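Colleague: If you scroll down you'll find the structure; I have some questions about it.
The values are calculated or read from the model by the stated rules, or taken from the named source; none is laboratory data. Bear in mind the structure is a predicted one, so any value in this text is a computation, not a measurement. Glycine gets a Cβ as well: all are built from the backbone with ideal geometry, and neighbour counts include every protein chain shown. Remember, those area values only see protein heavy atoms, side chains included, never the ligands or the DNA or RNA. Shrake-Rupley method; radii C 1.70, N 1.55, O 1.52, S 1.80 Å.
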Amino acid sequence: MKKALIAAGVTALLLAGCGSSAESGTADSGKEKFTVGMECGYAPFNWQTSSETETSVALDQAGAGYCDGYDVMMSKAIADNLGKDVVIKKISWDGLQPALESGEIDAIIAGMTANEEREEGIDFTTPYYESEGMVMIVKKDSDQASYTDIQQFSGQPVIGQKNTNYDTVIDQIEGVEHVTPKGTYPELVVALQNGDAVGITAEMPVAEGIVAANPDLAIVKFEDGKGFDVDTTVSIGLKNNTRDTQEFNDIQAALDKITTDTRNEYMKNAVENAPAGE
């Protein structure tokens with residue numbers, strides 16, 4: 001699924017973190033590495049920060065600081081269950097699959113939803129999270145804030161994130177003005193606030209964070225049967241054609257050890273601690 005909870009967003013917060021594990025502030029334990037790719041810009045799933053916390057991981061890139069959030073917590077737990085050390089690489093959304101294919105990363109843990117197109121090039125685990133559903137972010141003082149049916153947005157400009165379900169679902173609105181998608185949620189928020197669109201599609205945890213950081217915005221929830229028909233689960237992406245390998249099975253088993261209660265606690269923590277805009 002897709003993408004980011006920040007206001008005008010997690011930008012380039014730079015501090016510690018360099019190429020080597022010692023320079024990045026992460027002691028080299030001698031264990032094997034579990035290298036995970038994510039945007040570090042899709043809170044509460046993942047975000048970049050200059051501050052170290054109990055849940056953050058120093059980024060692999062020089063001077064990039066840390067990555068924190070739900071996906072980081074899940075990555076650390078899976079690495080622990082594998083007996084490995086986690087490494088987080090900040091990679092653009094469109095660069096995640098190529099990084100997986102090339103072997104630069106071992107896994108994509110980035111709020112990604114498995115679908116038919118992605119499954120042609122990625123093998124997915126079972127879902128590790130399912131959000132409450134797809135909503136719309138609108139201006140708080142707008143007529144749209146009182147909508148209860150996605151079809152009420154017919155004829156109006158709506159925008160989503162590029163190459164995600166949040167963009168493709170827009171066409172479920174009959175006669176919608178489908179605005180050219182943006183690459184990140186901070187860009188989407190700016191488009192909404194500038195009047196380029198009247199609504200942004202998002203899943204609930206992401207929308208909650210954006211609205212918390214932007215008091216001029218509001219969340220529109222839709223009545224049963226009047227919302228988007230979309231998969232809101234997210235899964236771990238692993239290299240294509242590895243489903244029958246020991247590595248795939250080990251990662252799936254490591255994921256299975258993380259209880260539903262623990263996963264929900266991780267998300268609660270992430271929502272409470274996600275940045276409110278900088």
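Colleague: With the condition kept exactly as written, say whether any residue in the range 40-50 is more than 14 Å from the chain's Cα centre (by Cα) and either among the polar types (S, T, N, Q) or surrounded by fewer than 23 Cβ atoms within 10 Å (Cβ to Cβ) (or both).
Modeller: yes
Colleague: Criterion first (open to solvent by 20 Å² or more (accessible area, probe 1.4 Å), in a loop (DSSP other than H, G, I, E, B) and either closer than 20 Å to ASP123 by Cα or not small (Gly, Ala, Ser) (or both)) does VAL230 satisfy it?
Modeller: Taking the combined requirement at face value, the residue satisfies it.
Colleague: Moving on to the next point. Examine the range 172-180 for a residue that is assigned to a strand (DSSP E or B), at pLDDT 95 or above and either buried (at least 17 other Cβ atoms within 10 Å of the Cβ) or of a type in the set (Ser, Thr, Tyr) (or both), and state whether such a residue exists.
Modeller: No, the range 172-180 has no match at all.
Colleague: Could I ask something else about it? Select from the range 150-170 the residues that are at pLDDT 95 or above, among the polar types (S, T, N, Q) and part of a loop (DSSP other than H, G, I, E, B) and write down the one among them that is most open to solvent (accessible area, probe 1.4 Å).
Modeller: Per the stated criteria, the residue is SER154.
Colleague: Give me a count of the residues in the range 104-137 that are more than 15 Å from the chain's Cα centre (by Cα) and within 28 Å of ASP60 (Cα to Cα).
Modeller: Residues meeting the conditions: 11.
Colleague: Out of ASP85, ASP80, ASP123, ASP94, which single residue is touching a helix residue (DSSP H, G or I) at 6+ places or on another chain (Cβ under 7 Å) and either surrounded by fewer than 17 Cβ atoms within 10 Å (Cβ to Cβ) or farther than 20 Å from CYS40 by Cα (or both)?
Modeller: ASP123
Colleague: Restricting attention to the range 47-64, which residues are assigned to a strand (DSSP E or B) and either in contact with a Lys or Arg (Cβ under 9 Å, 6 or more places away or on another chain) or without any contact (Cβ under 8 Å) to a residue 40 or more places away in the chain (or both)?
Modeller: Selection gives GLN48, VAL57, LEU59.
Colleague: A follow-up question, please. Condition first: over 14 Å from the mean Cα position of the chain (by Cα), among the basic types (Lys, Arg) and surrounded by fewer than 20 Cβ atoms within 10 Å (Cβ to Cβ). Can you find one or more residues in the range 206-225 that meet it?
Modeller: Yes, there is a match, as at least one residue in the range 206-225 is over 14 Å from the mean Cα position of the chain (by Cα), among the basic types (Lys, Arg) and surrounded by fewer than 20 Cβ atoms within 10 Å (Cβ to Cβ).
Colleague: Then there's this: Take the range 65-84 and flag every residue that is in a strand (DSSP E or B) and of a type outside the set (D, E, K, R).
Modeller: Hits for the range 65-84 are TYR66, CYS67.
Colleague: Is it true that some residue in the range 90-104 is under 19 Å from ASP244 (Cα atoms) and not in a helix (DSSP H, G or I)?
Modeller: Yes, the range 90-104 has at least one match.
Colleague: So GLU247 passes all but one of these: (1) open to solvent by 30 Å² or more (accessible area, probe 1.4 Å); (2) part of a strand (DSSP E or B); (3) closer than 22 Å to ALA99 by Cβ. Which condition number does it fail?
Modeller: Here GLU247 meets the rest and fails (2).
Colleague: Here is a list: ASN194, ASN241, ASN264. Which entry is under 30 Å from LYS33 (Cα atoms), open to solvent by 20 Å² or more (accessible area, probe 1.4 Å) and free of Cβ contacts under 8 Å to residues at least 60 places away in the same chain?
Modeller: Every option except ASN264 fails the conditions.
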